[in-house]
Ligand SMILES: NC(=O)c1ccc[n+]([C@@H]2O[C@H](COP(=O)([O-])OP(=O)(O)OC[C@H]3O[C@@H](n4cnc5c(N)ncnc54)[C@H](OP(=O)(O)O)[C@@H]3O)[C@@H](O)[C@H]2O)c1
């Protein structure tokens, strides 16, 4: 298979590209070449790197044609954020490729109804990002089912891995929260700490993409949650991390309106986005149809990532 991955040097690509190479794919990675994967791997030597700025190419209506000219059998689109962008690519690739995999997000769901949320839950997304991703999902699945365009949509949770700071137990990305827990200092949680977050290790996301490729029959025309086996409550997450640091958890709670004034606007915005969604997604469909079996539970993924931050970025220094 000649496989083009658009945006292959990020969180997921760091793990997916080596897996593709090891599985015998001829891999072409499209990016602006502003960055490299989070971890080096010998497999990258076998990867052809193509420099394209998608936004600029789309402005000139050239992006789809540029991808088609790479003559892929498979296209993995990691960085599509609008339906217009998806349509442009699909129109260029229709009839030309065997499999198209789009990276979505669990933000296609609004507030949960019955948890863990299944893929069949009626979409009521909120926020521009989730609304656009839900529109892309609906568009791609319709194209697959009505026109035979071979699309699969994979929806990761909060992606975690060594090299970047994971979503913390207050629902934002401020590394100070981990520091406080490590020092046994008090951490304030919004409300009663029972809202949820749902992480996934980047390598498990990569596994799901490989499994979708390996199960073409059951993955085309379908979307799948790609998360760890279970979501965490903020409170449980904070307590478990404190234990991991060898400290008692000193937690306090404040109603949202007060809590948000205790942190920066950026952190408050991130926390609100996460607790308003409070994701708790089921992986049973991916397990059943793709054979997806995540290697990491949420805490294991986060702890590996925090350990990396301690060892390499002086998180506790
Ligand atoms: N992060 C999360 O927690 C999370 C959760 C759920 C879903 N997702 C979904 O995951 C996808 C992103 O995957 P990721 O987190 O692995 O990616 P990422 O870490 O954000 O990396 C982005 C990749 O795209 C390339 N890129 C960015 N802008 C580009 C442009 N204009 N033209 C060409 N290449 C460009 C980057 O390389 P250059 O910078 O060198 O171009 C890099 O290879 C998105 O669809 C997002 O909705 C993410």
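Each value in this text was obtained by applying a stated rule to the coordinates, not by laboratory testing. Since the model is a prediction, treat every value here as computed from it, not as a measurement. Cβ sites come from the backbone with ideal geometry, for glycine too, and all protein chains shown count toward neighbours.
Would you please give the FRET efficiency between residue 96 and residue 43, computed as 1/(1 + (r/R0)^6) with r the Cβ-Cβ distance and R0 = 30 Å, to the nearest 0.05? Step by step, r from the Cβ atoms, then E = 0.70.
The angle between the Cα long axis of helix 234-244 and the main principal axis of the chain comes to about 80°, on a 0 to 90 degree scale. Between helix 83-93 and the chain there is an angle of about 30 degrees, using the helix long axis and the longest principal axis of the Cα atoms. For the chain, modelled as a Gaussian network with Cα springs under 10 Å, which listed residue fluctuates most, 12, 74, 160? Maximum among the listed residues: 74.
Across q = 0.18 Å⁻¹, the range 13-157 modelled as identical point scatterers on its alpha-carbon atoms has Debye log10 I(q)/I(0) values of -1.15, in the order of the q list.
Here is how the number arises for the chain: DSSP H runs of 4 or more residues each give -39500 (n - 2.57), the sum is divided by the residue count, and the result at 222 nm is -12000 deg cm²/dmol.
I want to verify the translational diffusion coefficient of the range 242-317 in µm²/s; compute it with Stokes-Einstein, Rh as the Kirkwood radius over Cα pairs, at 20 °C and 1.002 mPa s. In µm²/s, the coefficient is 134. Taking the three principal axes of the alpha carbon atoms in the range 7-99, the coordinate ranges are 35, 27, 19 Å, sorted in descending order. Summary of packing: across the peptides 51-62, 128-139, the per-residue average of other C-beta atoms within 10 Å ranks them, highest first, as 128-139, 51-62.
Model label points for residue 295 and residue 311, set 7 angstrom from Cα along the Cα-to-Cβ axis, are 1.4 nm apart. To the nearest 10 degrees, how steep is helix 298-313 against the longest Cα principal axis of the chain, on a 0 to 90 scale? Helix 298-313 and the main axis of the chain meet at about 80 degrees. Put the Cα centre of the range 172-233 next to the Cα centre of the range 33-101 and the gap is 26 Å. Of all DSSP-defined beta bridges confined to the chain, some 5% are antiparallel rather than parallel. Our compactness index for the chain, the C-alpha radius of gyration over the empirical 2.2 N^0.38 Å, is 1.01.
Taking only Cα atoms and a 10 Å spring cutoff, compute GNM fluctuations for the chain and point out the largest among 264, 278, 298. Result for the chain, Cα springs under 10 Å: 264 fluctuates most. Take every DSSP beta bridge whose two residues both sit in the range 149-275; close to 15 percent of them are antiparallel. What is the percent of Cα-Cα separations in the range 189-317 that go past 18 Å? Value for the range 189-317: 63 percent of Cα pairs lie more than 18 Å apart. Largest GNM mean-square fluctuation among 17, 197, 115, using the chain with Cα springs under 10 Å: 115.
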